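Here the structure is laid out as structure tokens; the discussion comes afterwards.
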Amino acid sequence: MGRQVSTMIKLDGFPRVMSARHVADAYGVTAKTVVRWEAQGRLKPDFRTPGGDRRYLRDRIEQLLNGDAR
């Protein structure tokens, strides 16, 4: 039998609090797609800055990338 290779995606190179642009880069999509996912209920920002910018926690994005959305 072959060895099982872990496919766990880690975002160590990204900041702990991520902008929509960082999330887009992690998924390989555009920031506009991230905003669309929010509108569809697929992704929810953890908070917004005083200026209204969306922010996501890196740990939550790792969970989503690894199929462990809670």
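The values are calculated or read from the model by the stated rules, or taken from the named source; none is laboratory data. Bear in mind the structure is a predicted one, so any value in this text is a computation, not a measurement. Using ideal geometry, Cβ is built from the backbone for each residue, glycine included, and neighbour counts are taken over all protein chains shown. Side chains included, ligands, DNA and RNA excluded: accessible areas come from the protein's heavy atoms. Shrake-Rupley method; radii C 1.70, N 1.55, O 1.52, S 1.80 Å.
Quick notes on this structure:
- Residues of segment 10-37 that turn out to be within 12 Å of residue 64 (Cβ to Cβ) and not small (Gly, Ala, Ser), as a count: 6
- Checked against (1) surrounded by fewer than 17 Cβ atoms within 10 Å (Cβ to Cβ); (2) modelled with pLDDT of 90 or more, residue 19 passes all but a single condition, namely (1).
- In segment 22-36, residue modelled with the highest pLDDT [restricted to those that are surrounded by fewer than 18 Cβ atoms within 10 Å (Cβ to Cβ) and small (Gly, Ala, Ser)]: 31
- Top-ranked residue in segment 35-62 [being assigned to a strand (DSSP E or B) and of a type in the set (Phe, Trp, Tyr); ranked as farthest from the chain's Cα centre (by Cα)]: 47
- Tabulated pairs, segment 44-67, first within 10 Å of residue 23 (Cβ to Cβ), second open to solvent by 60 Å² or more (accessible area, probe 1.4 Å) and not in a strand (DSSP E or B), C-beta under 7 angstrom, 6+ apart or interchain: 58/16; 65/9
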